[in-house]
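Written out below as structure tokens is the structure these notes cover.
The values are calculated or read from the model by the stated rules, or taken from the named source; none is laboratory data. Since this is a predicted model, take the numbers as computed values, not measurements. Neighbour counts are summed over all protein chains in view; Cβ atoms, including those assigned to glycine, are modelled from backbone coordinates with ideal geometry.
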Amino acid sequence: MSDERAERLRQSFASADRKRQWPNQRPRDAATLIILDRSGSAPTVLMGRRHDGHRFMPGKFVFPGGRFEPSDRRMPSATELRPETAARLTAQTPQSSCSRGRALALTAIRETYEETGLLIGRPAPEAARARAAPAWQPFLDAGLLPDLAPVTFLGRAVTPPRRPKRFDTRFFVVERDSISREEPGFVGPDKELVELVWVELQAAQQLDLPRITSIMLQELEHRIDHGLADEVPAPFYLQKRGRFVRELL
């Protein structure tokens, strides 16, 4: 990515809600999953519109995702993260570990199911499926374990200080053909997401998006140009000494 484009992205991130002041709080670990479809003439991604009644980002279009839960760390999987992906997840995080990065990738898969009914998994023999926390039971009931091998780490962003909610979010990508099963009834007027849409990357920028979602769409476009190769550095957006920076992991 050119220095000029990187600076535009940094300034865009820095300008969001600059004047807001809330008591500071430690960001909570979270993860998001971008489902990418490259079967057509132009790449599309799956986005959901949040319910207008939500206090946090009402009506915004987002990728499926949410907060880390302790059960994510204990969940077995059919496959593991690729070594390059696991290594980038722990970069610049001294207290992190491969198990934490793995757990965050599982968070993204679990949250995607809870919000969309899409299961990213592989069939596994009954003996390999350990007892799971209730949030993971649907995978076991379907004869599946979550599939980590196709997961690519796109980037990381920490919500700036003094915001009403703060998250340390990892953004992951999987191809659409990683979906093994789709269950109905997860999206609708009384659900967290009221609609799901497959939208081209450029068209997605015209939706009502959170600032960081727009930025990560641009990062995804850049990565697609490089074949989503694991060797391409992942961006990390954060604030240092009062200044927003874009570092590479």
Enumeration of residues in the range 161-188 that are farther than 30 Å from Arg241 by Cα, part of a loop (DSSP other than H, G, I, E, B) and either in contact with a Pro (Cβ under 6 Å, 6 or more places away or on another chain) or without any contact (Cβ under 8 Å) to a residue 40 or more places away in the chain (or both): Gly188
Count of residues meeting criterion [among the small types (Gly, Ala, Ser) and loosely packed, with under 15 Cβ neighbours inside 10 Å] in the range 191-249: 4
Residue match in the range 209-218 (condition: part of a loop (DSSP other than H, G, I, E, B) and under 17 Å from the mean Cα position of the chain (by Cα)): yes
Test: residue in the range 229-248 that is closer than 21 Å to Ala42 by Cα, under 17 Å from the mean Cα position of the chain (by Cα) and part of a loop (DSSP other than H, G, I, E, B): no
Checklist (1) within 24 Å of Glu84 (Cβ to Cβ); (2) of a type outside the set (D, E, K, R); (3) at pLDDT 95 or above; (4) touching a Ser or Thr at 6+ places or on another chain (Cβ under 6 Å) applied to Trp198, failing item: (1)
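This table checks each residue for (1) at pLDDT 90 or above; (2) closer than 26 Å to Ser77 by Cα; (3) in contact with a helix residue (DSSP H, G or I) (Cβ under 6 Å, 6 or more places away or on another chain).
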| site | (1), (2), (3) |
| --- | --- |
| Asp141 | yes, yes, no |
| Gly155 | yes, yes, yes |
| Thr169 | yes, yes, no |
| Leu193 | yes, no, yes |
Qualifying residue in the range 180-192 (condition: in contact with a Lys or Arg (Cβ under 6 Å, 6 or more places away or on another chain) and among the hydroxyl-bearing types (Ser, Thr, Tyr)): no
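State yes or no: is Arg73 at pLDDT below 70, surrounded by fewer than 16 Cβ atoms within 10 Å (Cβ to Cβ) and among the basic types (Lys, Arg)?
Working: at pLDDT below 70: no; surrounded by fewer than 16 Cβ atoms within 10 Å (Cβ to Cβ): yes; among the basic types (Lys, Arg): yes.
Considered against the rule, which asks whether it is at pLDDT below 70, surrounded by fewer than 16 Cβ atoms within 10 Å (Cβ to Cβ) and among the basic types (Lys, Arg), Arg73 comes out as no.
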Residue match in the range 81-90 (condition: surrounded by 14 or more Cβ atoms within 10 Å (Cβ to Cβ), out of contact with any helix residue (DSSP H, G or I) (no Cβ under 7 Å at 6 or more places or on another chain) and assigned to a strand (DSSP E or B)): no
